[in-house]
């Protein structure tokens with residue numbers, strides 16, 4: 001039986017399949033986390049002000065949330081099956097430690113979401129506003145809890161802590177607090193949660209720009225613009241600060257990843273490492289082609305000193321170096337989008353403050369087309385994070401090549417081809433449906449139970465009361 005397909009072995013094909021499916025999966029939970037928080041905020045504002053346009057917006061974005069949440073659940077099930085079919089050794093070695101974290105996600109996040117999701121989606125005209133708002137808040141909390149546990153497990157794979165290893169090489173838990181709050185988790189969780197809110201804010205603001213350009217839903221559009229651009233203006237600069245702390249943590253625990261991010265080959269005694277703005281890294285020749293660099297700026301960013309020093313890729317054995325090209329370019333794509341978000345947020349808030357936003361059509365046209373940027377940045381960031389961890393699937397414990405199941409390359413290639421077809425069709429239709437909902441926009445809402453007229457149901461018999469003497 002052939003060991004490769006198109007020159008790719010079972011390990012590489014399994015990595016490609018997992019990377020493809022998780023790239024589809026990650027955009028839906030990320031959007032759901034941010035969108036559930038946005039809907040909960042709208043409902044809290046509506047509960048306080050009773051403004052009808054806030055009610056329409058909350059119902060509209062709840063429909064979008066429902067579709068994205070469903071697609072996230074469906075694509076997430078595939079990820080779990082792949083751990084058994086393609087990465088069985090991973091479960092054998094790491095399952096005792098990470099398995100409970102996934103169970104905690106079910107026991108906390110999924111149960112919380114399941115308890116309130118139906119009320120949130122179908123209870124608009126059946127329950128009082130305060131109860132429906134509470135349901136929206138609980139669903140938002142549930143999605144955030146889901147991110148907490150998943151990112152805790154993922155962070156542990158980067159910076160393992162609180163575990164022991166049996167003579168057979170199987171990990172087991174020793175300290176659950178150290179496992180959950182492992183060294184990279186606080187930075188990774190904060191960075192990812194801000195990314196979800198930024199992504200949603202940009203989608204909301206882009207939808208508002210679309211409606212303003214088309215002359216529709218002006219009041220709703222201005223609310224979306226103020227909330228979306230306001231979040232961009234606050235969170236995008238904050239994300240840069242959090243990213244800096246995350247980078248310092250990565251330099252401490254995963255120096256090879258940082259060296260790949262910077263395409264930094266040679267360690268320089270005395271420091272003064274340049275920042276490589278652009279290059280074409282060559283792993284075979286161990287050098288960069290067409291390099292454009294700023295002297296000493298790399299040291300300043302990563303060590304906060306002009307003379308700071310950090311290790312180059314040549315300090316690590318070849319078999320322990322991550323692939324440089326995807327990590328190098330993925331990081332620059334993510335940072336570039338982050339800078340664009342800062343510029344969009346600052347410009348938008350300035351135009352709002354001056355009362356010129358609705359008349360500045362060039363900005364609205366630009367913002368309208370920027371809705372995918374957050375999703376692209378998230379995928380680029382995960383490429384940097386996960387590819388930069390290679391060749392380890394759990395740093396210092398299990399190599400990726402040793403975690404794959406004993407299956408033949410043609411079998412993986414067939415399942416990968418099927419995934420390509422099914423995902424493009426199913427999720428393509430889902431994304432198209434969400435797009436059509438956004439194009440249609442928020443519609444008039446039905447009256448709630450507090451505004452329904454007090455009249456008998458059809459077929460009901462009139463009440464007969466005995467006369468009571470006065």
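The angle between the Cα long axis of helix 10-49 and the longest principal axis of the Cα atoms of the chain comes to about 30 degrees, rounded to the nearest 10.
The packing ranking of peptides 109-116, 208-215, 150-157, highest mean first, is 150-157, 208-215, 109-116, where packing means the average number of other beta carbon atoms within 10 angstrom of each residue. Of the residues 172, 104, the one with the fewest other Cβ atoms within 10 Å heads the list, and the complete ranking is 172, 104. For the pair residue 81 and residue 181, label points projected 7 Å from Cα toward Cβ lie 3.8 nm apart. Considering the zone a paramagnetic label at residue 88 would reach in this model (a point 7 Å from Cα along the Cα-to-Cβ line), which residues of region 385-411 have amide N under 12 Å from it? Under cut-off, by backbone N: 404-408. Computing Rg and the Kirkwood Rh from the Cα coordinates of region 285-434 gives a ratio, Rg/Rh, of 1.08. FRET efficiency for the pair residue 8 and residue 320, taken as 1/(1 + (r/R0)^6) with r the Cβ-Cβ distance and R0 = 25 Å, rounds to 0.70. Fewest-first ordering of 50, 314, 257 by other beta carbons within 10 Å of each residue's beta carbon gives 50, 314, 257. Note on residue 284/residue 170: beta-carbon distance plugged into 1/(1 + (r/R0)^6) with R0 of 35 Å gives a FRET efficiency of 0.45. As I understand it, the value is the acute angle between the Cα axis of helix 373-387 and the longest principal axis of the Cα atoms of the chain; what does it come to in degrees, rounded to 10? Around 40 degrees separate the two axes. Spatial offset of region 368-437 relative to region 105-124 amounts to 27 Å, using the alpha carbon center of each. What does the C-alpha gyration tensor say about the overall shape of region 295-340? Classify as rounded when a/c is under 1.5, otherwise prolate if a/b is larger than b/c, or oblate. Oblate, since a/c reaches 1.5 and b/c is not below a/b.
Put in line by how crowded their Cβ is, counting other Cβ atoms within 10 Å and starting with the fewest, 191, 132 read 191, 132.
The mean sequence distance of close C-alpha pairs (under 8 Å, at least 6 residues apart), as a share of the length of region 1-150, puts its relative contact order at 30 percent. Separation of region 73-95 from region 7-68 is 23 Å, based on Cα centroids.
How large is Rg/Rh for region 1-107, to two decimals, with Cα atoms and a Kirkwood Rh? My calculation puts Rg/Rh at 1.18.
Using every pair of distinct Cα positions in region 93-197, the Kirkwood expression returns a hydrodynamic radius of 15.2 angstrom. The C-alpha atoms of the chain define a longest principal axis, and helix 409-440 lies at about 40 degrees to it.
Between the labelled values (1) 22.3, 65; (2) 25.7, 105; (3) 21.1, 61, the entry that holds Rg and Dmax of the Cα atoms in Å as derived from this structure is (2). Working note: 222 nm ellipticity from helices only, DSSP H runs with n ≥ 4, each -39,500 (n - 2.57), summed and divided by the residues of the chain, gives -22500 deg cm²/dmol to the nearest 500.
Read-outs throughout are calculated quantities, based only on the coordinates presented, and are distinct from any laboratory measurement. Computed from a predicted model, the values in this text were never measured in an experiment. Counting neighbours? That spans all protein chains shown, and the Cβs are built from the backbone with ideal geometry, glycine included.
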